[in-house]
Amino acid sequence: MVDISRRDVEELGAFRNDEWPIISLYLRVDQEHITDDHYSIRLKNLLRELESAKQRMGLTRAQMQAVDDDVARIREFFRDHGGEFGQGVALFASSRAGLWRVYHVPRDVGNESDLDFRPVIGRLVRVVELFEPLCTCLISRDRARIFAGHLVSFREIAVRLDDEVPGQHGQGGWSQARFARHIEDHVRQHFHRVGQVLFQLFEQEPFRFLVVGGPDEVVRDFVDGLHPYLRERFVGSFNCLMESTTKQVAEETRRIIEAWQRRERERYVDLVLDEALSQDMAVVGLERVVEAVQMRNVNALLVDDTVSAPGRYCLRCGAIQSIGTVGAECQFCGGPLRARENIVPEVYAEAYRQNANLVFLAEPELRGRLQPYGGIGAILRYRLEAPATT
Ligand SMILES: [Zn+2]
């Protein structure tokens with residue numbers, strides 16, 4: 001069992017099988033309560049929900065049998081591995097379709113079980129921001145430390161940085177000015193080497209955010225000399241000692257990235273409201289957003305975390321049906337429909353599959369600004385055609 005990554009979410013989002021149903025199961029597991037019965041009761045209930053999902057889907061006998069086999073396998077899995085979980089588990093199973101994946105997920109992912117012909121990924125998409133790869137570099141005039149990970153897990157990585165800057169002592173024979181220049185050269189070389197190491201790391205495993213820790217003027221000179229790709233990802237710096245603990249560095253990094261993400265959300269809300277009000281490159285309201293998703297025209301989707309609305313989507317082609325339609329079949333392919341008490345997670349999961357940026361608004365102030373427009377909006381990839389005038 002591994003920690004989930006953005007790549008896993010993308011693979012799951014793209015996975016589909018036309019014949020065999022796929023079980024998606026999310027289970028919150030509080031490690032400290034692992035011995036009490038809450039968690040096994042939750043599991044039992046979730047597996048029971050699969051039973052009714054199976055009936056609703058109108059499956060063939062062979063498909064039903066496949067689901068039963070997977071449920072048995074899931075029971076066995078939890079029985080044998082019950083002690084190995086962290087905060088939560090996400091499990092995707094369809095043995096006939098060759099799918100069996102189990103991941104550690106953050107606690108916030110919650111509990112859900114479902115059956116579909118593709119993994120149900122709304123809950124993962126909701127937390128994927130926590131898995132944006134990031135890099136933090138502590139820098140001084142003669143040393144550096146590099147950390148990598150994401151907001152959930154964070155560690156120092158060992159890198160080789162040879163050549164110390166010469167000490168400020170015992171350099172007889174050099175004039176003061178010449179000695180200062182010599183140090184500056186060494187510092188520059190040191191910055192250059194650290195920059196190269198960062199760039200190599202970036203090429204191996206691209207990160208979304210770069211944070212730098214150190215004295216302000218050192219950070220400024222260091223960042224100025226970085227490769228443009230790295231500078232683009234630089235989101236802020238903090239003052240710290242080279243001896244800081246990993247925990248301190250992780251906390252500062254989190255603070256900087258969360259502040260940056262908050263500014264980004266504000267920027268998106270400004271943009272979607274400006275563009276939607278000028279009826280140009282954005283739409284607001286669930287109906288219009290669903291239309292934009294149907295047309296694969298969503299560049300970024302903004303949604304109030306608390307918005308919920310019923311809707312339906314197609315089990316065959318996956319298309320979310322226009323809000324308010326009543327037909328019994330998919331309006332695009334004629335396939336069977338599935339009703340959802342809350343269609344919003346399907347909407348953002350679909351936008352995610354289309355590579356849209358997802359922006360979840362949790363702050364009351366930001367939610368308040370979108371609230372008059374139904375709490376949901378989208379920035380478009382291309383301009384809608386002007387309505388025909390008759
Ligand atoms: Zn369809």
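Between R296 and R79, the modelled labels are 4.6 nm apart [label points 7 Å from Cα along Cα→Cβ].
Once both labels are positioned 7 Å from their Cα atoms along Cα-to-Cβ, the gap between S153 and Q55 label points is 4.1 nm.
For segment 264-380, what does the alpha-carbon gyration tensor say about shape, rounded, prolate or oblate, given a ≥ b ≥ c as the root eigenvalues, a/c under 1.5 as rounded, and a/b over b/c as prolate?
prolate
Over segment 178-284, what is the relative contact order in whole percent, taking alpha-carbon pairs under 8 Å and six or more residues apart?
Value for segment 178-284: 21 percent.
The gain in end-to-end length when the E365 to E184 segment is fully stretched comes to 60.4 nm, 0.36 nm per residue minus the alpha carbon separation. Compute the angle between helix 246-277 and the longest alpha-carbon principal axis of the chain, please, reported from 0 to 90 degrees and rounded to the nearest 10. Around 60 degrees separate the two axes.
Compared with the dominant principal axis of the Cα atoms in the chain, helix 176-204 is inclined by about 20°. Looking at segment 264-380, send over the antiparallel percent of its DSSP beta bridges, to the nearest 5. Taking every DSSP beta bridge with both residues in segment 264-380, the antiparallel ones total about 75 percent. For the chain, take the longest principal axis of its alpha carbons; what is the angle in degrees between that and the long axis of helix 344-353, to the nearest 10 within 0 to 90? Roughly 60 degrees between the two axes.
Looking at the square roots a ≥ b ≥ c of the eigenvalues of the Cα gyration tensor of segment 2-124, which shape do they give, rounded for a/c under 1.5, prolate if a/b is larger than b/c, or oblate? Note, shape of segment 2-124 comes out oblate.
Label separation (M1 vs L241): 3.9 nm, computed from points 7 Å beyond Cα along the C-beta direction. Residues of segment 100-143 falling in the label zone of T325, defined by backbone nitrogen less than 20 Å from a point 7 Å along Cα to beta-carbon, are 117-118. Using a Gaussian network model of the chain in which every pair of alpha carbons under 10 angstrom is joined by a spring, one finds that among I257, I157, I139 the greatest mean-square fluctuation is at I157.
Given Cα pairs under 8 Å that are at least 6 residues apart, what percent is the relative contact order of segment 35-168?
With pairs under 8 Å counted, the relative contact order is 15 percent.
If the segment from E19 to I41 were pulled out straight at 0.36 nm per residue, it would be longer than the present Cα-Cα gap by 4.9 nm. Magnitude of the charge dipole for the chain, about its Cα centre and with charges confined to Cβ atoms of Lys, Arg (+1) and Asp, Glu (-1), is about 460 debye. Mean separation of Cα pairs under 8 Å and 6+ residues apart, divided by the residue count of the chain: what relative contact order is that in percent? Relative contact order for the chain comes out at 15 percent.
Here the chain carries DSSP beta bridges of which approximately 70% are antiparallel, counting only pairs with both residues inside. Could you tell me whether segment 231-320 comes out rounded, prolate or oblate from its Cα gyration tensor? Rule is a ≥ b ≥ c as square roots of the eigenvalues, rounded for a/c under 1.5, then prolate if a/b exceeds b/c, otherwise oblate. Prolate shape, in that a/c is at least 1.5 and a/b is the bigger ratio.
Net charge dipole, segment 2-124: roughly 300 debye, given to the nearest 20, about the Cα centre with Cβ charges of +1 for Lys and Arg and -1 for Asp and Glu.
Helical runs (DSSP H, four residues minimum) scored at -39500 (n - 2.57) apiece and divided by the length of the chain put the mean residue ellipticity at 222 nm at -13000 deg cm²/dmol.
Here the Gaussian network model covers the chain, with springs between Cα atoms less than 10 Å apart; of H150, H104, H81, H81 fluctuates the most.
Putting +1 on Lys and Arg Cβ atoms and -1 on Asp and Glu Cβ atoms, find which of V9, V128, T246 reaches farthest to the positive end of the dipole of the chain. Selected residue: V9.
Quick note: the coordinates plus some simple rules give every number you see, no bench work behind them. No experiment lies behind these values; they were computed from the predicted model shown. All Cβ positions, glycine included, derive from the backbone under ideal geometry; neighbour counts span all protein chains shown.
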